[in-house]
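The values are calculated or read from the model by the stated rules, or taken from the named source; none is laboratory data. Please read all numbers here as calculations on a predicted model, not as lab measurements. In this analysis, Cβ positions are derived from the backbone assuming ideal geometry, glycine residues included, and neighbour counts consider all displayed protein chains. Protein only, heavy atoms only, side chains kept; ligands, DNA and RNA dropped before computing areas. Shrake-Rupley method; radii C 1.70, N 1.55, O 1.52, S 1.80 Å.
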Amino acid sequence: MASDGGRKQFWKRSGAKVPGSIQHVYGAQHPPFDPLLHGTLIKPGSKPPTTPVKLKKVSTFQEFESNTSDAWDLGDDDDELLAIAAENLNTEVVMETAHKVIQNHSKLQEQHKFQEEHQQEEKQVESAELTSIACGDNRLVKSVSEGHTSSSSDNASENSSMQRSQSLPQTSTPPLVSGVADFNTSVTPALTEREASRLDKFKQLLAGPNTNLEELRKLSWSGIPKRVRPIAWKLLSGYLPANVDRRESTLQRKRKEYFAFVEQYYDSRNDESHQDTYRQIHIDIPRMSPEVLRLQPKVTEIFERILFIWAIRHPASGYVQGINDLVTPFFCSLQEEEVENFDVSSLPEEVLQNIEADSYWCMSKLLDGIQDNYTFAQPGIQKKVKMLEELVSRIDEQVHVHLDQHEVKYLQFAFRWMNNLLMREVPLRCTIRLWDTYQSEPEGFSHFHLYVCAAFLVRWRKEILEEKDFQELLIFLQNLPTVHWGNEEISVLLAEAYRLKFAFADAPNHYKK
């Protein structure tokens, strides 16, 4: 009882006045009225009510609560006030405000249009600079710059649509399986500060009257920017001379020479002595990668000519399966258009002829260094596979023993690695990045490729050791999950290959135990 008395004593008030609530309180749901916006609600000359509120003496907390419980309730009076405010809005003010909004929107659109035109002009200037650098294929670079100009408006519209889509809920999109589609998109990504700096270094190096090939190799080892890859590959492969003044005449002479070969030999493809070679080429081309490229009849026709002419001109080896894959990186990289993603037949005929001739000569330079891979019995590949086996046995004995215990022979999976230069194991974008380094290395396609294959095999050691069956091991090694690889994975692979080369290249006895 005492406690009950104390509780009542606690809530007892001595007579102090406690304010109640008979006016609306504009809190979270009803912000205070702005006199500028709702000036019509308060008539001039009218004064707010000053009648004092009669306070009731409150003796307990329960009575206080009951008197103030409606302080935050929504009443009908609020709706009436808002209705009055809506009726009293000035129509002229509303129309004027709307007109200003429309004008501001029009000005913003004009500014965006001006910025897009300015970007177009910058791209045209940049393409003109590359024309002076290449100085040998003016018509080709001109067509490229025109292609950039025509697509700039599309790029701008796609960028604006991307900005609009950022305000929408994001939905998960399935990863692209194609080896090229996710690499070459219609919208060219903006260069990072590091990429822009590297591009400037290449431009400065290529702008001189005599290109320092040793410096170009050092700079190209870590990758070549797409914009200068055509001229860089022609120089690194030995197709073009280092002297700028001689490049134009060299290009014209070599292109005429190639089409003289076509005119002289291509009609003989159906002769009895050559029909087997041509038939094999015709069978192999549809097996090439990527699918987007090989399904175009114009590309098939060009590749058939390149491969047939090379086979006729090199009777020691002739045409061998695997050579057909070596044309693709050159064909896709010796110009700036996204050949993999659009109809090649839309290019001017002269541009296509230049690409065809340049691809033939660059591929010929590559094959000159690895021709023993394609002579009778392919002794070059046999030797490299044996060297790979010995190298892996030293750098990762556990993987080597695991393969041997399950009777997996290196020839069963590594023959294709040597024959196609890993083109069937990684996406095309990765092959092009690999070849940037291969062309920067002395004997890159023949010697350095061995260490890349060793690093590539050891890269999958965890997955290899988990497989306990011959069939499963072989299926895995012939279908490695590299479809989503990019420059980062290739850079790590090349760094590991360089480490292996540094340790073993000058010490061949290290191969053996």
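Full-extension gain between R253 and S197, please, as 0.36 nm times their residue separation minus the C-alpha to C-alpha distance. It would help to have the intermediate numbers written out before the result.
Details: separation 56, 0.36 × 56 = 20.16 nm, distance 3.48 nm.
Stretched out fully, the R253 to S197 stretch lengthens by 16.7 nm.
Run through region 386-482 and list the trypsin sites (Lys or Arg not before Pro) located in a DSSP loop whose Cβ has at most 11 other Cβ atoms within 10 Å. Don't skip to the end; give the middle numbers.
Working: sites: K386, R394, K409, R416, R424, R429, R433, R459, R461, K462, K468; in loops: K409, R424, R459, K468.
Sparse-neighbourhood loop trypsin sites (Lys or Arg not before Pro): K468.
At 1.4 Å probe size, with the rest of the protein present, what percent of the exposed accessible area of region 379-506 is carbon and sulfur atoms? Please list the in-between numbers first.
Numbers: 2720 of 5570 Å².
Exposed carbon and sulfur together represent 49 percent of the surface.
Among V344, A357, P427, which residue has its Cα furthest toward the positive end of the charge dipole of region 321-473, with +1 on Lys/Arg Cβ and -1 on Asp/Glu Cβ?
Of the listed residues, the answer is P427.
So for V399, V492, what's the accessible-area order with a 1.4 Å probe, most first? Please list the in-between numbers first.
Values: V399 0, V492 100 Å².
Ranked from most to least accessible, the order is V492, V399.
Could you run the Karplus curve 6.51 cos²θ - 1.76 cosθ + 1.60 with θ = phi - 60° over region 349-359 and give me ³J(HN,Hα) per residue in whole Hz, x for Gly and Pro?
Running phi through 6.51 cos²θ - 1.76 cosθ + 1.60 with θ = phi - 60° gives 4, 5, 5, 4, 5, 5, 5, 4, 5, 5, 5 Hz.
Jot down the per residue volume, in cubic angstrom and as a whole number, of the convex hull over the alpha-carbon atoms of region 207-369.
Numbers: hull volume 20.1 nm³, N = 163.
In region 207-369, the Cα convex hull volume per residue is 123 Å³.
Would you work out what percent of the accessible area of region 207-369, with all protein chains in place, is carbon or sulfur (probe 1.4 Å)? Each step should come with its number before you reach the end.
On the way: 3200 of 6870 Å².
Answer for region 207-369: carbon and sulfur cover 47 percent of the accessible area.
Search the structure for amide H atoms under 5 Å from the amide H of L240, placed 1.01 Å from N in the peptide plane, and list their residues when 5 or more places away or on another chain.
Amide H neighbours of L240: L235.
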